[in-house]
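Presented below is the structure to which this report refers.
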Amino acid sequence: MGSRMGARKPREPLSRERALASAIALVDAEGMEALTMRRLAAELGVEAMSLYHHLPGKAGLLDGLVDAVATEITSAAERAEADAPGGDWRTRLRLRFLAARAVMLRHPWAPALLSSRPTVPAGVYAYYDGILATLVDGGFSYRIAHRALHAFGSMALGFAQEVFRPDAGGAADAAAAEAEMVALAERLPHLAAMVAAETHDAADPTLGWCDSQTEFEFTLDLLFDGLERHLPSH
């Protein structure tokens with residue numbers, strides 16, 4: 001009796017899924033710079049070499065993170081569409097893209113990681129296949145659907161790629177940032193005026209200076225309006 005009461009609960013076996021879930025939790029909390037094979041092994045309570053049976057080194061770990069995010073996006077998009085059965089192509093795509101964005105807002109490190117990987121994971125292809133199916137079901141030809149994918153770009157995955165960052169120089173403090181803005185205004189008055197006008201509301205979720213929720217949805221609607229003109233009935 002005493003020995004059974006004192007027995008420890010068996011540790012959950014190490015798996016690729018468990019390792020990736022722990023890695024995502026780590027980078028969500030501390031950022032991508034905190035993620036190393038040694039740190040992840042410590043979080044899992046295993047030896048670092050044990051991870052290599054499931055994730056072949058840092059590159060394999062990063063590819064695994066992309067796979068996991070792509071799976072999360074696909075699942076979120078399918079759930080969002082299921083909540084609005086019978087919607088037209090525009091409604092369905094809007095739900096898909098906003099669901100993908102919700103995933104990106106949960107994992108703000110993901111856009112940079114997705115953009116940096118040399119190969120496209122199978123999960124991303126499957127997600128785009130669903131987008132194409134929605135467009136074709138909505139009456140678009142494959143030719144126009146292909147062009148739509150180019151127009152959507154990374155927005156289909158829930159984020160807009162930054163054109164530039166006014167703070168890319170890394171101003172050390174508020175005084176330096178203010179001086180930088182004064183210099184910018186002297187050299188590039190229209191860009192400076194735009195930056196001054198585009199101070200985002202604190203309640204407006206952002207994934208970067210040029211990627212707030214308001215801007216994301218504004219751009220989506222512009223793209224959908226333009227795409228609608230290419231339906232055969234128009």
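Backbone N atoms of segment 63-95 closer than 15 Å to the 7 Å Cα→Cβ label point of Ala112 are not found in any residue. Per-residue extension of 0.36 nm, minus the Cα-Cα distance of Tyr128 and Glu228, leaves a gain of 34.1 nm for this segment.
Spin-label pair Asp221-Asp201: with each label point 7 Å from Cα along the Cα-Cβ axis, the two points sit 1.3 nm from one another.
Expressed as a whole percent, the accessible surface of segment 37-91 that belongs to carbon and sulfur atoms is 52, based on a 1.4 Å probe. When the alpha-carbon atoms of segment 1-123 are used, the pair Rg, Dmax equals 18.2, 64 angstrom. Computed from the C-beta positions of Met194 and His150, the FRET efficiency with R₀ = 35 Å rounds to 0.85. Look at the alpha carbon pairs under 8 Å that are at least 6 residues apart: their mean separation over the length of the chain gives a relative contact order of 17 percent. Approximating the spin labels as points 7 Å out from Cα along Cα→Cβ, the Val120-to-Arg143 distance works out to 2.1 nm. Using a probe of 1.4 angstrom and keeping all protein chains present, the accessible surface of the chain works out to 58 square angstrom per residue. Only helices enter the 222 nm calculation for the chain: every DSSP H run of n ≥ 4 contributes -39,500 (n - 2.57), and dividing by all residues gives -20000 deg cm²/dmol, rounded to 500.
The distance linking segment 96-120 with segment 54-93 is 9 Å (Cα centroid to Cα centroid, whole angstrom). Rounded to 0.05, the FRET efficiency of the Arg79 and Val136 pair, given R0 = 22 Å and the Cβ-Cβ distance, is 0.50.
The values are calculated or read from the model by the stated rules, or taken from the named source; none is laboratory data. Just so we're clear, the structure is a prediction, and the values are computed from it rather than from any experiment. All Cβ positions, glycine included, derive from the backbone under ideal geometry; neighbour counts span all protein chains shown. We work out accessible area using only protein heavy atoms, side chains counted, and drop any ligands, DNA or RNA first. Shrake-Rupley method; radii C 1.70, N 1.55, O 1.52, S 1.80 Å.
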